[in-house]
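First the structure, in the form of structure tokens, and then the observations on it.
The values are calculated or read from the model by the stated rules, or taken from the named source; none is laboratory data. Remember, it's a predicted structure, so these values are computed and weren't measured experimentally. Virtual Cβ from ideal backbone geometry, glycine too; neighbours counted across all protein chains shown. Surface areas here come from the heavy atoms of the whole protein model, side chains and all, with no ligands, DNA or RNA. Shrake-Rupley method; radii C 1.70, N 1.55, O 1.52, S 1.80 Å.
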Amino acid sequence: QVQLVESGGGWVQAGGSLRLSCAASGRTFSSYAMGWFRQAQGKERETVAAITSGGGITYYADSVKGRFTISRDNAKNTVYLQMDSLKPEDTPVYYCAATRRTWSWKSSEYDYWGQGTPVTVSS
């Protein structure tokens, strides 16, 4: 079992930056692929970024490529999402998730989810 706690969300003006963190419990964090997802009210959950268990491969949605960076520190059981050049459309709630697979970017293949952290980008 893995418990995930996100932090770092908040309000920012368009063009600004935020860094989300996701702290994981458990001794097997390094064996899980990790992902960040977002969901606006009334819309489907969208994959934002994902990273392999070892951190060697990353995936980004086209809408965030070049602006967001996912990384992980297995020694600290933490995964990060650095978000730069934020746009109003980046606004919804962001979720951190873990999968027992070593690699996936599909939300349906993720097993553990955090509670989410809201991000608001004002124009």
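So the values come out like this:
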quantity	calculated
In the range 92-123, the residues that are of a type in the set (S, T, N, Q) and surrounded by 18 or more Cβ atoms within 10 Å (Cβ to Cβ)	T99, S104, S107, T117
Residues of the range 15-39 classified as over 11 Å from V79 (Cα atoms) and open to solvent by 50 Å² or more (accessible area, probe 1.4 Å), total	6
Enumeration of residues in the range 6-31 that are more than 15 Å from the chain's Cα centre (by Cα), assigned to a loop (DSSP other than H, G, I, E, B) and under 19 Å from A50 (Cα atoms)	S25, T28
Residue check for I51: open to solvent by 30 Å² or more (accessible area, probe 1.4 Å) and either in contact with a Cys (Cβ under 9 Å, 6 or more places away or on another chain) or among the hydrophobic types (A, V, I, L, M, F, W, C) (or both)	no
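Each row is one residue, and each column tells you yes or no for (1) more than 23 Å from S122 (Cβ to Cβ); (2) at pLDDT 95 or above; (3) not aromatic (F, W, Y).
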{"residue": "C22", "(1), (2), (3)": "yes, yes, yes"}
{"residue": "V64", "(1), (2), (3)": "no, yes, yes"}
{"residue": "K87", "(1), (2), (3)": "no, yes, yes"}
{"residue": "R101", "(1), (2), (3)": "yes, no, yes"}
{"residue": "E109", "(1), (2), (3)": "yes, yes, yes"}
